[in-house]
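Sharing a structure with you now.
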Ligand SMILES: [Mg+2]
């Protein structure tokens, strides 16, 4: 099962008009993905996806292609696709960062390993510890009041039981938006907010206190990543539960979050964390300290979403029942790369049980949307 070829293909996929996102990080109208195709010496192929957004991880499609073609790809040639510690060691030895690019290669290795052994990835990870259908929250953009009210009402009608509202742009309008959504969805739907690091410590404390009557389930990344002391202060002074997202790309970040006692939960995703294996390591460290994990999203396409779903299903501490995450990326995009797309109905996403990631890639879709 040795890797003999690494190919990368950049594509650009538009979002459905009604799903275009606005957050403290800006607008998201199209998604660029770097697809990675690996071949192994036993004749199998595996696919992976780097969900590249420069404002999230600093990666771009062209940059990810260069690092995969020139640096990571050559380093992993000859590595066994089922020896992921060695794969990660080789990639980390030649490039720091580049989380999503590394995860695309790692994802493709899981896919090859699964295809070679005729097993879905969740079985390679130890088997399912929860049902294969996963309930997500809906992430509502930082929309103007009328649109936020209308959209929130539609989402409850579509079956969503947790709504997340994007804040972190302007505290007055942020607070107004959250109150409008709480009013629209009624008291029985869980409500969370995500500032994407857009508030400072004082603003976060003030805003969260003002939102006390909205009964927020959890507050996601209220302040910029890296300020663990500030995050601990927000948590202590507001009494709010804190979900760390941009604060946790790797195991060292997770150790800092634990050391500073500054979060109740950590948002993980294989792309952000440089692969399924590394995300699992964080989930296992967190559980030892009583910290739950959930799934976050960078609006992945079918391959990235499938990798997330396998990881959730096979990782006990991915407590998506308690803190629903985002597993809806393919439903945001106008086209699917899969001949057999994941089933997504309202908040419910169901994993395919075919070998590997369970996604049959449609080469015609790739050709039509490639951007190189
Ligand atoms: Mg987030």
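Running a GNM on the chain with Cα contacts under 10 Å, which residue among 62, 150, 280 ends up with the highest mean-square fluctuation?
150
Please arrange 334, 367 by how many other C-beta atoms lie within 10 Å of their C-beta, fewest to most. Mind showing how you got there, number by number?
Working: 334 13, 367 10.
Ascending Cβ contact count within 10 Å gives the list 367, 334.
Now for a different question. Between helix 145-157 and the chain, what is the angle of the helix's C-alpha long axis to the longest principal axis, kept within 0 to 90° and rounded to the nearest 10?
So the helix axis and the longest Cα principal axis differ by about 60 degrees.
Given a cut-off of 19 Å, what percent of all Cα-Cα pairs of the range 1-65 lie beyond it?
On the way: 924 of 2080 pairs.
Here the tail beyond 19 Å accounts for 44 percent of pairs.
Using only Cα atoms, figure out Rg for the range 33-98 and give it as a multiple of 2.2 N^0.38 Å. Intermediate values should be presented prior to the final figure.
Working: Rg = 12.2 Å, N = 66, 2.2 N^0.38 = 10.8 Å.
After normalising by residue count via 2.2 N^0.38 Å, the value is 1.13.
Then there's this: Principal axes first, then extents: for the Cα atoms of the range 230-372, list largest minus smallest coordinate on each axis, whole Å, largest first.
53, 30, 28
Taking the Cα atoms of the range 41-200 alone, what are Rg (to one decimal) and Dmax (as a whole number) in Å?
Every Cα atom of the range 41-200 included, Rg and Dmax give 21.1, 59 Å.
Roughly speaking, what is the centre-to-centre gap between the range 144-160 and the range 194-268 when only Cα atoms are used, to the nearest Å?
When both Cα centres are located, 26 Å separates them.
Helix 228-238 against the longest principal axis of the chain: what's the angle in degrees, Cα atoms only, rounded to the nearest 10?
For 228-238 against the chain, the angle is about 40 degrees.
Just round it to a whole percent: the fraction of Cα-Cα distances in the range 167-214 exceeding 15 Å.
Of all Cα-Cα pairs in the range 167-214, 39 percent lie more than 15 Å apart.
Another question, then. Take the Cα atoms of the chain, build their convex hull, and give its volume per residue in Å³.
On the way: hull volume 43.5 nm³, N = 372.
It comes to 117 Å³ per residue, whole-number rounded.
Restricting to Cα pairs below 8 Å that are 6+ residues apart, what does the relative contact order work out to for the range 186-268? Please round to a whole percent. Let's see the in-between values first.
On the way: 133 pairs, mean separation 24.3, N = 83.
Contact order relative to length: 29 percent.
Note down the relative contact order for the chain as a percent, whole number, built from C-alpha pairs under 8 angstrom at least six residues apart. Don't skip to the answer; put the middle values down first.
On the way: 847 pairs, mean separation 73.6, N = 372.
It rounds to 20 percent for the chain.
Additional query: Mean residue ellipticity at 222 nm from the helices of the chain, using -39,500 (n - 2.57) per DSSP H segment of n ≥ 4 over the full residue count, to the nearest 500 deg cm²/dmol?
Numbers: 15 runs with 144 residues, N = 372.
So the helix-based figure for the chain works out to -11000 deg cm²/dmol.
Let me ask something else about it. Test of understanding: what is the full-extension gain from residue 252 to residue 69, defined as 0.36 nm times their sequence separation minus their Cα-Cα distance? Don't skip to the answer; put the middle values down first.
Numbers: separation 183, 0.36 × 183 = 65.88 nm, distance 2.78 nm.
Length gained between residue 252 and residue 69: 63.1 nm.
If each of residue 55 and residue 183 carries a label point 7 Å out from its Cα toward its Cβ, how far apart are those two points in nm?
2.8
Sticking with this one: For the range 53-118 and the range 357-372, write down the distance between their C-alpha centroids in whole Å.
Comparing the Cα centres of the range 53-118 and the range 357-372, I get a distance of 19 Å.
Still on this structure: Equivalent-ellipsoid semi-axes (√(5λ), Cα gyration tensor) for the range 252-318, whole Å, largest first?
21, 11, 10
Another one. Compute the relative contact order of the range 161-209 as a whole-number percentage, counting only Cα pairs closer than 8 Å that sit 6 or more residues apart in sequence.
Numbers: 47 pairs, mean separation 25.7, N = 49.
Normalised by residue count, the contact order of the range 161-209 is 53 percent.
No value in this document is a laboratory result; all are computed from the given coordinates. Everything numeric in this text was worked out from a predicted model, so none of it was measured. Quick reminder, even Gly has a Cβ in these numbers, built from the backbone with ideal geometry, and neighbours come from all protein chains shown.
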